[in-house]
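Some notes on the structure that comes next.
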Amino acid sequence: MTTKSRMWQVVLLALAVCVAACDPGVKGKVPRLEDAKALQKLVADVEQINTLLADYEKALGKVKPDYVPTADQRKKLLSLWAPYLDHMRALHSYQYKFLKGWRQAGTPDKQIFALTAGVTALAAQTSTNLRFLRTFGRGDQFRAILNDPDPEYGVGANEYDAMLVRMAKPQTRMLLQIGVEAMQRREGTMRAGKEKEHAAFTLLADKALAYAQKAEEDFNRQAIQVMMQGFATVLGNQFDEWSGALVTDIAEWLGDTRLRSTGKALITQAQIDWLTTQAQPGDIIVERRNWYLSNLGLPGFWPHAAFYVGSPQEIAASLDGDAGVKAAFGDKGLTGYLEKTFATHWKQYAAAAHDGKPHRVIEAISEGVSMASLHESCSADYVGLVRPRLTKTEKARAIVSAFSNLGKPYDFDFDFLTESTLVCSEVVYVAYRPEKGVSTGLTLPLEEVMGRKTLPPTNLIEVFDTQFGKPEQQLDFVAFLDGREANGNAVVATEADLRASWRRAKWDLSQQ
């Protein structure tokens, strides 16, 4: 046994005694099967981030002290850093939610589920944090970029330094070692179980052990460097590890699909009734639900987009009588064409939605490209509608495109180069993609997110704002229901409010 190993064991033992004595005994929470699935998705995303990080590190090669990253390199780094921070916050929330007080979660099965969920989140977070520190700890130029705040991306000030200080604390390593040991002593019961929950959490346990082993190897290799850098950060900056914007608050909110205590959207059903009087077939919807895991990884205030098709009666009233639509789709107009070409989907669309209201929306959600009522889709905290400056024929073609994509799986890779699977904004992007000689369409810029070319929904409102009043303007204002988190409601807001909304911080706790 080396002197370094003995030193670490002494430190860990002393800290273990301290933690045991100071544990407040938080009441344990019981993870569900949905939590296991959400964690599996988070871990898969983290593995993708690790792959992208390795590619970035390889492309960098050896970095000289006087090296200055280009603007493109900075943007590429932020396109990886911002979603990474989102996922680390989500993992921290699972650690916070389940690891503390896991003994109070109930039966032995529930205890091991809680322990496994917390340890998996901690191990994945710790291992990936160390990987980031190894990649970017070799140059002050990268540290400066990663510490620079970018509210639109949800990046706070000194986020990199916050991560460094957390990893430099011996408690981090100690907590992971103790957690893994406790999980290993009990996982036999979990692996022997026959329920779906046992299988799901067993998969997480395997992930936790792999990440913990990697983290321990990295700790052994980086311990002195990380501790010295962390110590220097605290002394040099009088650093508060929670100075990174909103880290703690967000982590405590993100551990479930929906965490507002009331479970109620800020927008009322009556306000959605009003939206139906404003919307027209072909409109584009942007939506935001505060504190949803689906907000992770996407930059900007608006995380979801949907396509307003309208009810069958609205389609007929708006488009069937148009001469251009008849020329393109026949004398029966668009509804006749949809009924003939997409017989099964049209029959479903013409029937009532799950809530008994007419189908009006086509959108990509986790279950795939689906149809919904406006009330189902817009049960949210913020909703904006914009209208393309296109002919009725072009809007009819876009609706046909949306129908052609119904039933396709959701694109969890957010890759616009493939169309066998689609993400929410991709439904809109594909529907209004310019087609030479057929449709002018909309010119919507893609950007790189986690190594993939995609269209963050917030970019739709950015396009609306930046082109407003100019010859190239493509979108017009329809409506904006603006949430007021502090008051627990939403209000009808203005065109100027919607234009400015894309500039809001991604994680805005005040939401005044």
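Which of Trp274, Trp81, Trp302, Trp346 has the fewest other C-beta atoms within 10 Å, and how do the rest follow up to the most?
Trp274, Trp346, Trp81, Trp302
Could you work out how much longer the chain between Thr51 and Gln184 gets when fully extended? Use 0.36 nm per residue separation minus the Cα distance between them, nm to one decimal.
45.1 nm
What order do you get for Met183, Met174 when you list them from fewest to most C-beta neighbours inside 10 Å?
Final ranking by Cβ density, sparse to dense: Met174, Met183.
So what J values fall out for the range 318-335 if you push phi through Karplus, 6.51 cos²θ - 1.76 cosθ + 1.60 with θ = phi - 60°, rounded to Hz, Gly and Pro as x?
Result, rounded to whole Hz: 7, 10, 4, x, 6, 4, x, 5, 4, 5, 7, 10, x, 5, 7, x, 5, 4.
What does a probe at Lys453 reach in the range 419-445, counting residues whose amide N is under 19 Å from the point 7 Å along Cα→Cβ?
Only 419-436, 441-445 fall inside the zone, counting backbone N under 19 Å.
Quick one: which residues, 5 or more positions from Ala353 or on another chain, have an amide H under 5 Å from its amide H? H modelled 1.01 Å from N in the peptide plane, none for Pro or chain starts.
Under 5 Å from the amide H of Ala353 lie the amide H atoms of His359, each far enough along the sequence or on another chain.
Search the structure for amide H atoms under 5 Å from the amide H of Val449, placed 1.01 Å from N in the peptide plane, and list their residues when 5 or more places away or on another chain.
Thr454
Please list, in order along the range 48-54, the HN-Hα scalar couplings obtained from phi with the Karplus expression 6.51 cos²θ - 1.76 cosθ + 1.60 (θ = phi - 60°), rounded to whole Hz, x for Gly and Pro.
In residue order, the calculated couplings are 5, 4, 4, 5, 5, 5, 5 Hz.
Which entries of Lys196/Lys357; Lys97/Lys453; Lys169/Lys214; Lys37/Lys408; Lys29/Lys75 have Cα-Cα distances beyond 29 Å here?
Where the Cα-Cα span goes over 29 Å, the pairs concerned are Lys196/Lys357; Lys97/Lys453; Lys29/Lys75.
Can you put Phe477, Phe132 in order of Cβ neighbours within 10 angstrom, beginning with the fewest?
Lowest to highest Cβ neighbour count: Phe477, Phe132.
If you plug each phi of the range 110-127 into the Karplus form 6.51 cos²θ - 1.76 cosθ + 1.60 with θ = phi - 60°, what whole-Hz ³J(HN,Hα) values come out, in order, with x for Gly and Pro?
Result, rounded to whole Hz: 5, 5, 5, 4, 5, 4, 5, 4, x, 5, 4, 4, 5, 5, 5, 5, 5, 4.
No lab work stands behind these numbers, since they all come straight from the coordinates. Fair warning: this is a prediction, and the values are worked out from it, not measured in the lab. Cβ coordinates were reconstructed from backbone atoms using ideal geometry, including for glycine residues, and neighbour counts include every protein chain displayed.
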